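S.K.: First the structure, then my questions, so here it is.
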Amino acid sequence: MYKMVKVVTLNVGRLIPFLNRFFPIRKSSIEKVKSKLKEIDADIILLQEVVGQRHLEELVEGTGYYSVLGPPYENERYLENVALLSNREIREINYVPESNAISVLIPDYNIDTVNVHLSLRRKKRLKQIKSLLSKIKLRRTILGGDFNDYIGENPIGNFHSCTYQIGSTTLYGRHIDDILHTPDVRAESAKIVNSRFGLMDHYPVMAIVS
């Protein structure tokens, strides 16, 4: 019998991405994100568009989460990273920079967790998915993040989607963020947290798996 695990994915980038290069993220915005994540109280949090180590440290400060920062997005104009937070110890960290992804093992949950932020360009996105699927474990695995496309349009192997039928995950009426799982992981429930906070254009996606 596996533990219930609450997983959340959230793109914390600002509405105008180039701001990340020239203006630091305000403390008030960071506190809004922290407050929302505290309210959700997830076991595992997948973040996209984290602006480097300092931004991650400010988001994690005082929360008690373990954290790991992914590599900068490969060949992208803006300096951003994926990041992963967990309330249990993180092991076996693997970076997949060509797919803007990070993979970790969380032994207490006996589950591998992958966080990804795919390209806006379809051809590159398909290459990223192909590369990612060749480099991650395909058992007891969660794959979540910002896919930048309706999940049904992406060839994601035998991963099952927790949330793709639950409505929009962005302010623009599209569902591009999702939490996926391999068949040996059970999705107990899933929802989109439809409340806006900070200067972001994405809603958090939450799923409970076991």
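S.K.: Where the Cα atoms of the chain are projected onto their three principal axes, how long is each span, largest first, in whole Å?
M.R.: On the principal axes, the chain reaches 44, 38, 32 Å in Cα extent.
S.K.: Leaving out ligands and nucleic acids, note down the accessible area per residue over the range 37-159 with a 1.4 angstrom probe, in whole Å².
M.R.: Heavy-atom SASA per residue in the range 37-159 reads 47 Å².
S.K.: Charges only on Cβ, +1 for Lys and Arg, -1 for Asp and Glu: so what's the dipole of the range 97-210 about the Cα centre, in debye to the nearest 20?
M.R.: 440 debye
S.K.: What order do you get for 139-151, 34-46 when each peptide is scored by the mean count of other beta carbon atoms within 10 Å, highest first?
M.R.: 139-151, 34-46
S.K.: In whole percent, how big is the carbon plus sulfur part of the accessible area of the range 61-198, probe 1.4 Å, protein atoms only?
M.R.: Working: 3280 of 6680 Å².
Result for the range 61-198: 49 percent of the exposed heavy-atom area is carbon or sulfur.
S.K.: Go through LYS36/LYS137; LYS6/LYS34; LYS127/LYS191; LYS38/LYS137; LYS36/LYS191; LYS3/LYS36 and tell me which ones have a Cα-Cα distance over 20 Å in this structure. Write down the numbers at each step before the final one.
M.R.: Numbers: LYS36/LYS137 31 Å; LYS6/LYS34 17 Å; LYS127/LYS191 29 Å; LYS38/LYS137 30 Å; LYS36/LYS191 15 Å; LYS3/LYS36 24 Å.
Among LYS36/LYS137; LYS6/LYS34; LYS127/LYS191; LYS38/LYS137; LYS36/LYS191; LYS3/LYS36, the Cα-Cα distance tops 20 Å for LYS36/LYS137; LYS127/LYS191; LYS38/LYS137; LYS3/LYS36.
S.K.: Taking the DSSP beta bridges in the chain as the whole, what percent of them are antiparallel, to the nearest 5?
M.R.: Counting DSSP beta bridges with both partners in the chain, the antiparallel share is about 80 percent.
S.K.: Per-residue counts of other Cβ atoms within 10 Å, averaged by peptide: what ranking do you get for 184-193, 2-11, 49-58, highest first?
M.R.: Ranking the peptides 184-193, 2-11, 49-58 by packing returns 2-11, 49-58, 184-193.
S.K.: Now for a different question. Quick check on packing: order 130-137, 60-67 by the mean number of other C-beta atoms within 10 Å, highest mean leading.
M.R.: Listed from highest to lowest mean packing, they are 130-137, 60-67.
S.K.: Stretch GLU92-LEU171 to full length: gain in nm at 0.36 nm per residue minus the Cα-Cα span?
M.R.: The GLU92-LEU171 span can extend by a further 24.9 nm.
S.K.: Suppose only helical runs count, i.e. DSSP H with n ≥ 4. What mean residue ellipticity at 222 nm does that imply for the chain under -39500 (n - 2.57) per run, divided by all residues and rounded to the nearest 500 deg cm²/dmol?
M.R.: -6000 deg cm²/dmol
The values are calculated or read from the model by the stated rules, or taken from the named source; none is laboratory data. Only a predicted model underlies this, so the values are computations on that prediction, with no experimental measurement involved. Positions of Cβ are generated from backbone atoms using ideal geometry, with glycine treated the same way; all protein chains shown enter the neighbour counts. Just the protein is used for accessible areas: all its heavy atoms, side chains included, with ligands, DNA and RNA removed. Shrake-Rupley method; radii C 1.70, N 1.55, O 1.52, S 1.80 Å.
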